[in-house]
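The values are calculated or read from the model by the stated rules, or taken from the named source; none is laboratory data. The shown structure was predicted, so the numbers you read here are calculated from the model rather than taken from an experiment. Note that we place each Cβ from the backbone using ideal geometry, even for glycine, and neighbour counts take in every protein chain shown.
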Amino acid sequence: MIMSACSTNKENLIKYSTLGELQTKDYVDHLAAAGKDYLNYEDVKTIKLRSATIEFLEMVYERLVSNNQMILNIPEKPTFYIIQHKSPFIFSLPRSQFFFSSALIERYLKSEELFVAAFAAEVIRSQRFIYEKNIMLPLGFYSTEKMIQLIRLKLETKLQVNEWTYFILKRAGYDASAYLNWIQIQNRNTLDFSLFLGDPIGISKEEHLFKNFMAKQGVLSVEKKVNEANSSKDFYKLLNNIVSEK
């Protein structure tokens, strides 16, 4: 039912409809609260976001959610944090909390298409509570390294999220093929993304399987060069916000 507008495969619909519905409310609440502990950690420095940046991020979030209300239907006001960090990473927590590193956006997500593609996967995870259930010790703080380890997914789950992200982007009117570029960026720069990926071996398999998935959707040419010139003025305001506030 979730992907009825994009696929008629009943098995896939069942798979998508059950993804991310296995976590208990207590664990989701605990994981959501970890965001505050992470931001309070002494080594975590955030970049002050201007009103134009917040408006842009909220606009993208609203577009993704409003065009996919059958599965992204939790009415929450999102919060966004850009972390000053030398390593590229992006992650989310429940309750629509989103975290991006400055290095990720400055070095690798310099086009709006790529940014939205990476962000869409985190919107799905946050709204559908797609997180591995781990033991969380009440330390009162979480470093960036610990936070990323805590929310990292197994490959099998990542593959499902990737397919779901493709449909979410497509239904919202974005270029869904840009998500392949996001996976390829990680695969080509595994050393830089070592903190984010953990074990870099899986990203090659992830790229291969996503290419196969796209081919099944009728996308004949999966190799695509992202055009930074297609980005909006609002996206460039985000980039300028990061550079000027560092």
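Run H85 past the list (1) within 24 Å of D175 (Cα to Cα); (2) modelled with pLDDT of 95 or more; (3) not aliphatic (A, V, I, L, M) and report the number of the one that doesn't hold.
The one condition H85 does not meet is (1).
Quick check on my filter: what residues within the stretch 115-146 are over 20 Å from P75 (Cβ atoms), modelled with pLDDT of 95 or more and of a type in the set (A, V, I, L, M)?
Answer for the stretch 115-146, where residues must be over 20 Å from P75 (Cβ atoms), modelled with pLDDT of 95 or more and of a type in the set (A, V, I, L, M): V116, A117, A118, A121.
I need every pair where a residue in the stretch 210-238 that is at negative phi has its Cβ under 6 Å from the Cβ of a residue that is at pLDDT below 85 and buried (at least 16 other Cβ atoms within 10 Å of the Cβ), sequence separation at least 6 or different chains.
K211/V222; M214/V222
Mind telling me which of the residues K86, K110 ends up being out of contact with any strand residue (DSSP E or B) (no Cβ under 6 Å at 6 or more places or on another chain), free of Cβ contacts under 8 Å to residues at least 40 places away in the same chain and basic (K, R)?
K86
List every residue pair whose Cβ atoms sit under 7 Å apart, with the two residues 6 or more apart in sequence or on different chains, where the first one lies in the stretch 119-136 and is without any contact (Cβ under 8 Å) to a residue 24 or more places away in the chain and the second, anywhere, is in a helix (DSSP H, G or I).
Filtered contacts from the stretch 119-136: N134/L150.
When you scan the stretch 122-171, how many residues do you find that are hydroxyl-bearing (S, T, Y) and touching a helix residue (DSSP H, G or I) at 6+ places or on another chain (Cβ under 7 Å)?
4
Here is a list of conditions, (1) at pLDDT below 95; (2) within 19 Å of S231 (Cβ to Cβ); (3) among the polar types (S, T, N, Q), and Q149 meets all of them except one; can you say which number that is?
Among (1) at pLDDT below 95; (2) within 19 Å of S231 (Cβ to Cβ); (3) among the polar types (S, T, N, Q), the lone unmet condition for Q149 is (2).
Cβ-Cβ distance below 6 Å, separation of 6 or more or different chains: which pairs start in the stretch 137-155 with a residue that is more than 15 Å from F193 (Cβ to Cβ) and end on one that is modelled with pLDDT under 90?
From residues that are more than 15 Å from F193 (Cβ to Cβ), the pairs are L150/N134.
Scanning the stretch 15-67 for residues that are at pLDDT below 95 and farther than 28 Å from Y142 by Cα, which turns out surrounded by the fewest Cβ atoms within 10 Å (Cβ to Cβ)?
T18
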